[in-house]
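Take a look at the structure set out below.
Coordinate-derived values only; no laboratory data. What you see is a predicted model, and the numbers here were worked out from it, not measured in a lab. Using ideal geometry, Cβ is built from the backbone for each residue, glycine included, and neighbour counts are taken over all protein chains shown.
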There are 2 protein chains.
Amino acid sequence: MADGRSIVVFHPTSYRDSRPIGERFRDGDVVLCDLSWLEPDEAHRLVDFVAGLVFGLGGNIDKVTTHVLVLAPPGVTVLDDAEHLTGSFYNQS
Amino acid sequence: MADGRSIVVFHPTSYRDSRPIGERFRDGDVVLCDLSWLEPDEAHRLVDFVAGLVFGLGGNIDKVTTHVLVLAPPGVTVLDDAEHLTGSFYNQS
């Protein structure tokens, strides 16, 4: 992107990977999280971490599939007309 | 993004959805493709279309998971250290 942002794709294998994810997002990069390599309990922890991370910084999260989230920094628009998918990110159990 | 780009997420249900995907990418947006709603033969067609689209415009494709591709316009860096995933995008059968 002209303003120096990158798109950084993570394939976390444990909750510990939340740290580099947080650092990249805090630095202003777009982050893609592939959750498919995590055990369910660690995936849920990471999703909650990411929800807090993004909320605090005023960014946006979008669920691309069950296993992939896009984290957009503040000011980056995310468009998704997923009308055939039900539920919202914040309501998932 | 400060330069006006958006991130646009598509959940194509047929090969016909290649057109809006192509238009957004051509316009300079980052495109995320969720292939999980496509029959295998249509998914393969869309993947080949996207390969041509991105190659022609000098952008980058990264496979986030089996079902999710990120299409980055020229000049947008994509970082992915997916060392535990094997194969490259262009070698998939």
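Looking at this structure, is A:Leu35 in contact with a Leu (Cβ under 8 Å, 6 or more places away or on another chain), aliphatic (A, V, I, L, M) and more than 19 Å from B:Asp62 (Cβ to Cβ)?
Values: in contact with a Leu (Cβ under 8 Å, 6 or more places away or on another chain): yes; aliphatic (A, V, I, L, M): yes; more than 19 Å from B:Asp62 (Cβ to Cβ): no.
Judged against the criteria, A:Leu35 is not a match.
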Quiz item: Could you list, in sequence order, the residues of the stretch B:11-47 that are within 12 Å of B:Leu69 (Cα to Cα) and away from chain A (no Cβ under 14 Å)?
Solution: B:Leu46, B:Val47
Quiz item: What are the residues in the stretch A:21-49 that are crowded, with 18+ Cβ neighbours inside 10 Å and not in a helix (DSSP H, G or I), if any?
Solution: A:Gly28, A:Asp29, A:Val30, A:Val31, A:Leu32, A:Cys33, A:Asp34, A:Leu38
Self-check item: Condition broken by A:Gly75, with the remaining ones in (1) within 23 Å of B:Lys63 (Cβ to Cβ); (2) within 14 Å of another protein chain (Cβ to nearest Cβ) satisfied
Solution: (1)
